[in-house]
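Colleague: Dropping the structure in here first, questions after.
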Amino acid sequence: MSAAMTTAGPGTLHEIAEGVHAFVQEDGGWCLNNAGLVTDGGSALLIDTAATQARSQQLRDQVERVVPGGPGLLVNTHFHGDHVFGNSLFTPRARIIAHDSARSDMAESGLGLCGLWPDVAWGDISLTLPDLTFPDRLTVHVGELRVELMHLGPAHTGGDVLAWIPERGVLFTGDTVWSQVTPFVLMGSFEGSFRALEQMRALRPRLVVSGHGPVAGPEVLDETEEYLRWVLRVADDGLRNGLPPLDAARTAGLGAYARLTDSERLAANLHRAYAERRGTPPGAPIDVLAAFQDMVTFHGRLPDCHA
């Protein structure tokens, strides 16, 4: 079954606090991620890129209107292609920073995401790996602004990085948080996500730029957690009744979460929920292909990708 292949409009870079910009791609669905830019004086740091050559070029063009020549640093919040495939458009000027495991996961997964949606116009993309990695925390100084990079996870993946700009009260979460878009923890952890969300709340952010969806306030931390706890309740019901994840998803339906973009992710999320309830360690490998196939079956077709 094929997905609808219309293409969404271009992303838009706008200043959300002094020296802090968000690049938002609506509606935040599959491969329509957000990115960020932090600038002060002559220094600049970019947070994530985009999925396709054309979208990454759009991002670069808008960034260079703010920072002629482009940023000197680029942070990848995790290894998924929609956040890293555009890296090569910003190098060699930009040094790329990521978590230790994100680099190895990126190398292992390569351009595999392209195979899920072969009809997307990916363009001439090549994988450019980070050249600076860290295990836990790293502070980067962008002029007078501090950007505190924190590994909190596993949550969405095993190598998630947050970017916190304390002087502006702005938090870039990568895909550990979702705004009006269905959270996805197939490669991460429910319990790890809850711990990460608690640590994010302790920062008391004023603005939150999720990996997908509109810029919001700290309420999106609660909304992400509420969804994930609901999925765990669905998993508990399914396990108690001897149902496989796909049947548990069909029995529960989407309820209040049908309004979220990409709500079909319930079926895949349940695979991770079942694994954790059965004692699988947070972030440990599970059968991702089987989970994705269940999601396609639950949805009735390949999920739509408008990149």
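Colleague: Restricting attention to the range 275-290, and to residues there that are open to solvent by less than 50 Å² (accessible area, probe 1.4 Å) and more than 18 Å from the chain's Cα centre (by Cα), which single residue is nearest to residue 188 (Cα to Cα)?
Modeller: 284
Colleague: Where the second residue is modelled with pLDDT of 95 or more and open to solvent by less than 70 Å² (accessible area, probe 1.4 Å) and the first is among the small types (Gly, Ala, Ser) and assigned to a helix (DSSP H, G or I) and lies in the range 286-297, which pairs have Cβ atoms under 6 Å and are six or more apart or on separate chains?
Modeller: If the second residue must be modelled with pLDDT of 95 or more and open to solvent by less than 70 Å² (accessible area, probe 1.4 Å), the pairs left are 291/186; 291/268; 291/271.
Colleague: Residue under question is residue 226, and the condition is that it be open to solvent by 20 Å² or more (accessible area, probe 1.4 Å), among the acidic types (Asp, Glu) and in contact with a Pro (Cβ under 8 Å, 6 or more places away or on another chain); does it hold?
Modeller: Details: open to solvent by 20 Å² or more (accessible area, probe 1.4 Å): yes; among the acidic types (Asp, Glu): yes; in contact with a Pro (Cβ under 8 Å, 6 or more places away or on another chain): no.
No, not satisfied.
Colleague: What number goes with the only condition from (1) free of Cβ contacts under 8 Å to residues at least 60 places away in the same chain; (2) of a type in the set (Val, Ile, Thr); (3) over 19 Å from residue 126 (Cα atoms); (4) surrounded by fewer than 19 Cβ atoms within 10 Å (Cβ to Cβ) that residue 91 does not pass?
Modeller: (3)
Colleague: Here's a follow-up. In the range 233-245, what count of residues is obtained for those that are crowded, with 19+ Cβ neighbours inside 10 Å and under 22 Å from residue 157 (Cα atoms)? Lay out the reasoning, then the answer.
Modeller: If we filter the range 233-245 for residues that are crowded, with 19+ Cβ neighbours inside 10 Å, which is where we start, we get 234-235, 238, 243, 245.
With the extra rule that they be under 22 Å from residue 157 (Cα atoms), the set shrinks to 234-235, 245.
Within the range 233-245, residues that are crowded, with 19+ Cβ neighbours inside 10 Å and under 22 Å from residue 157 (Cα atoms) number 3.
Colleague: Test residue 258 against the criterion of being open to solvent by 10 Å² or more (accessible area, probe 1.4 Å), over 18 Å from the mean Cα position of the chain (by Cα) and more than 28 Å from residue 300 (Cβ to Cβ), and give yes or no. Reasoning before the result, please.
Modeller: Details: open to solvent by 10 Å² or more (accessible area, probe 1.4 Å): yes; over 18 Å from the mean Cα position of the chain (by Cα): yes; more than 28 Å from residue 300 (Cβ to Cβ): no.
Considered against the rule, which asks whether it is open to solvent by 10 Å² or more (accessible area, probe 1.4 Å), over 18 Å from the mean Cα position of the chain (by Cα) and more than 28 Å from residue 300 (Cβ to Cβ), residue 258 comes out as no.
Colleague: Of the residues in the range 101-127, how many are closer than 17 Å to residue 54 by Cβ and either open to solvent by 30 Å² or more (accessible area, probe 1.4 Å) or in contact with a strand residue (DSSP E or B) (Cβ under 9 Å, 6 or more places away or on another chain) (or both)? Before you say what the answer is, go through the steps one by one.
Modeller: In the first step, residues of the range 101-127 are kept if they are closer than 17 Å to residue 54 by Cβ; the result is 111, 113-114, 117-126.
After this cut, where a residue has to be either open to solvent by 30 Å² or more (accessible area, probe 1.4 Å) or in contact with a strand residue (DSSP E or B) (Cβ under 9 Å, 6 or more places away or on another chain) (or both) as well, the list is 111, 113, 117-121, 123-124, 126.
Selection size over the range 101-127: 10.
Colleague: Hey, another quick one. Are any residues in the range 162-171 farther than 24 Å from residue 229 by Cβ and touching a residue at least 60 places away in the same chain (Cβ under 8 Å), and if so, which ones?
Modeller: Going through the range 162-171, the residues farther than 24 Å from residue 229 by Cβ turn out to be 163-170.
Result: 163, 165, 168, 169, 170.
Let's see how each residue does on (1) under 13 Å from the mean Cα position of the chain (by Cα); (2) aliphatic (A, V, I, L, M):
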residue: 136; (1), (2): no, no
residue: 141; (1), (2): no, no
residue: 146; (1), (2): no, no
residue: 149; (1), (2): no, yes
residue: 156; (1), (2): yes, no
residue: 162; (1), (2): yes, yes
residue: 170; (1), (2): no, yes
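Colleague: I would also like to ask the following. Considering each of 237, 175 in turn, give the residue that is touching a Gly at 6+ places or on another chain (Cβ under 7 Å) and either within 20 Å of residue 33 (Cα to Cα) or at pLDDT 95 or above (or both). Break it down stepwise before answering.
Modeller: Details: 237 fails: touching a Gly at 6+ places or on another chain (Cβ under 7 Å).
The conditions single out 175.
The values are calculated or read from the model by the stated rules, or taken from the named source; none is laboratory data. Everything quoted here is computed from the prediction, not taken from an experiment. As a convention, Cβ positions derive from the backbone with ideal geometry for all residues, glycine included, and neighbour counts pool all protein chains shown. Just the protein is used for accessible areas: all its heavy atoms, side chains included, with ligands, DNA and RNA removed. Shrake-Rupley method; radii C 1.70, N 1.55, O 1.52, S 1.80 Å.
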